[in-house]
1. Looking only at the stretch 287-342, which residues are within 13 Å of Leu268 (Cβ to Cβ) and either among the basic types (Lys, Arg) or part of a helix (DSSP H, G or I) (or both)?
2. Just name the residue that is nearest to Pro357 (Cα to Cα) out of those in the stretch 240-271 that are over 32 Å from the mean Cα position of the chain (by Cα) and of a type in the set (D, E, K, R).
3. Given (1) at pLDDT 90 or above; (2) over 25 Å from Pro372 (Cβ atoms), identify the lone condition not met by His205.
4. Mind checking which helices (runs of 4 or more DSSP H) fall wholly inside the stretch 661-743 and carry at least 2 residues that are surrounded by fewer than 14 Cβ atoms within 10 Å (Cβ to Cβ)?
5. Write out, first by first residue and then by second, each pair whose Cβ atoms fall under 8 Å of each other, whose residues are 6+ apart or on separate chains, and whose first residue, in the stretch 350-365, is touching a residue at least 40 places away in the same chain (Cβ under 8 Å) while the second is assigned to a helix (DSSP H, G or I) and open to solvent by 50 Å² or more (accessible area, probe 1.4 Å).
6. Surrounded by 16 or more Cβ atoms within 10 Å (Cβ to Cβ) and not in a loop (DSSP other than H, G, I, E, B) - does that describe any residue in the stretch 630-647?
Amino acid sequence: AYVVLLEDQQPEALKPWLAQRLPEHMLPAAILALAALPLTTNGKLDRRALPLPDAQALSRQDFVPPQGDTETTLATLWAELLRQPQVGRLDQFFDLGGHSLLAISLVERLRQHGLVLEVSALFSHPQLADMALQVQRADQAVDAMPPVPPVGIPDQAQAITPAMLPMLDLTFAQIDTIVAQVDGGAANVQDIYPLAPLQQGILFHHLLHQQGDVYLSPVVLGFADQAQLDSFSAALQQVIHRHDILRTSVAWQGLPEPVQVVWRSAPLAIEQLPPTDASALAQLLDAVDARRHRIDLRRAPMLRAVAQPDPAYADGTGRWLLALCVHHLTLDHSSLEIVLQEVHALRDGQTALLRPPLPFRNQVWRAHESMPVAAHEAFFQAQLGDVQQPTAPFDLLDVQGDARGVREARLPLPAALSAAVRTQARAAGVSPASLLHLAWGLLLARTSPGHDHAIVFGTVLFGRMRAGAGADRALGLFINTLPLRLDVGQPGVADALRATHQRLAALLHHEHAPLALAQRCSGVAAPAPLFTTLFNYRYTPAAAHDGPQAIDMVWGEERTGYPLALAVDDDGQGFSLALQAVATLAPERLARLVQHTLQQLVRALAHAPATPCAALDLLDADELTRLASFNPPPLAYPRHALLHGLVRQQVRATPDALAVVDGELQLSYAELDVRSDALAQRIVAALAGCAVPEPVVAVALPRSADTVVALLAILKAGAVYLPLDLAYPAQRLQYLLDDAGAQ
């Protein structure tokens, strides 16, 4: 029993281990003892249920201490990051509250101790003792990544040559085209390099639409007075000067591929709206509405700032509002938080806390060089090669929308459910993110035609796992969207959860692969999308800045081009859902369905982990009641009555009652009877020479009142109708006609 406790393995897997270490005469008794040990739902030893007097001495509370320098260093760093009083060698990173952001911080702190750990190894070896085996000394680690080429443009350069751009292959004429778009010419160009994979996709969608920009995310900040606003603006300009990505523009016209251009100087102009007697916030939001407004990506910075006084605020003392529009080509959610943190530090005079900035070109280089294209292709072909049709819940196929018809519903999860999610994730040795991914996949499987078992959806990857030193503080667009394939049919929920965690861990190795490459590796032929939904798991710890320099977050909005997207905000304690969907889907109802799905999943994990995923009931009580209202009890029609005979009875009973509505056209039962009688007579005349007892008459009409009239007339004429879908190919329609012998 002590061996099992120390190894923390499934008892079945320990039999070979015991056979090698115990005398032969002791082995049968040891195997019998293993079989008698109480197990948890994931097949491991249930330490709390052990009938041993000193079982608690080996439990988590009294932990097994780390061994050796590496384990000790890891345990110390875990304790600092995860805020644990002590960490043992058998502890799991995710059990103690670890997640992607903390994983990046852990790797960075290890690097400061002269140690190197691949972030992906952390996800595949979350136990401290196992993780320690993956750690290398920095002076002995082999980095397969070629070094980032140095910046080749000297200060005050009056001309730029192709040799100065080691990450591109451009001609003199193409370089001149780029430089002509920069204020100050070549002297104001610091660097030119390619776009990262996700930047390429964002630019494509930006150019696809002529009005508005779904990737322009405005936030509105509130300040007590103009002096605070001016202080913030000055600090923001210092942050822009520190980071090259904030001084970057994009050029694409006349070039073989789009490039990003780093300006040496890029002042941010603050537009100011006049005071208003109406709602200042409403006027400001209208001025920066991303559904109507765009910013010029050919100029740096790719930000827009609009300020307005709000004299009617609160007790009449007034305030100032600042709308800051950030383009996703420049920053992602985590990077924007870092910008605001640096602004706070500068305003508070804590410049010593700011680390040296890292150029975004390092990330672009790693994204292009981190893994051969062939390796990406092999991975995604294995994952997606047998996927033949899009995963399109509710038949939503448009992924190039402008978010005009998209609404958002926010739903904080109950505290008890949030706690249950963390408990079940901890019991399975996975992150809560894996459990939330699985819940979303279960719901998609039920709402996507033809996808009862295997589904694909886009997941937003953090993008900093392989970004190198300083990745936890670097600015830029690091995130990437890639397809996650889950099998959610017959596997038990516990097996499905472990498989989800494994697939997410494997996907991290390919976090810089272009989405277009992944789609090409599937069986879904372009231009059809591989998936039409997005999942974004975000860590959003509460802001800790207060005091006289405090800033109010008045309003914020983020949109995507997907018709259905779920963002899960994890604040370290609870979870909150932000579900965006086209208005016809009622996002509030969908958010409640996500919550119900999660409840069913954690209940099954706790009490019946072998329950097949397909057996979970994902409709809550409200949806079941709504469904019942769509299917009232069947009416008691006469057993041998004919449809057109019943219509004739209704004509005699209520001739003026409304029978058919088609837009503005309305037909009463009497009018329907007259029209169908007239058409029936023509059909009888047309079929006069037909010797078939029940001739078949084809109906090729769009859905309309005329269709109802035609079907009723065919029945009155004693024939059978064959409805034809005009969207079918001509060969298919002809086959149906020939097969039925239709007239």
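1. Arg299, Arg304, Val339
2. Taking the candidates together, the pick is Arg264.
3. His205 satisfies every listed condition except (1).
4. 669-686, 730-740
5. Correct list of pairs: Leu354/Arg242; Pro357/Arg242.
6. Yes, because at least one residue in the stretch 630-647 is surrounded by 16 or more Cβ atoms within 10 Å (Cβ to Cβ) and not in a loop (DSSP other than H, G, I, E, B).
Residues are listed down the side, and each one gets a yes or a no for (1) within 25 Å of Arg422 (Cβ to Cβ); (2) open to solvent by 40 Å² or more (accessible area, probe 1.4 Å):
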{"residue": "Ile479", "(1), (2)": "yes, yes"}
{"residue": "Leu482", "(1), (2)": "no, no"}
{"residue": "Arg485", "(1), (2)": "no, no"}
{"residue": "Ala506", "(1), (2)": "yes, no"}
{"residue": "Ala567", "(1), (2)": "yes, no"}
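Let's see how each residue does on (1) loosely packed, with under 15 Cβ neighbours inside 10 Å; (2) farther than 21 Å from Gln210 by Cβ; (3) of a type outside the set (Lys, Arg); (4) in contact (Cβ under 8 Å) with a residue 24 or more places away in the chain:
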| site | (1), (2), (3), (4) |
| --- | --- |
| Ala280 | no, yes, yes, yes |
| Ala287 | no, no, yes, yes |
| Arg298 | no, no, no, yes |
| Leu303 | no, yes, yes, yes |
| Ala307 | no, yes, yes, yes |
| Asp310 | no, yes, yes, yes |
| Tyr313 | no, yes, yes, yes |
| Trp320 | no, yes, yes, yes |
| His327 | no, no, yes, yes |
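The values are calculated or read from the model by the stated rules, or taken from the named source; none is laboratory data. Keep in mind the model is a prediction, meaning the values are calculated, not measured. Every residue, glycine as well, gets a Cβ built from its backbone with ideal geometry; the counts of neighbours run over all protein chains shown. Note: accessible area is taken over every heavy atom of the protein model, side chains too, but ligands, DNA and RNA are not part of it. Shrake-Rupley method; radii C 1.70, N 1.55, O 1.52, S 1.80 Å.
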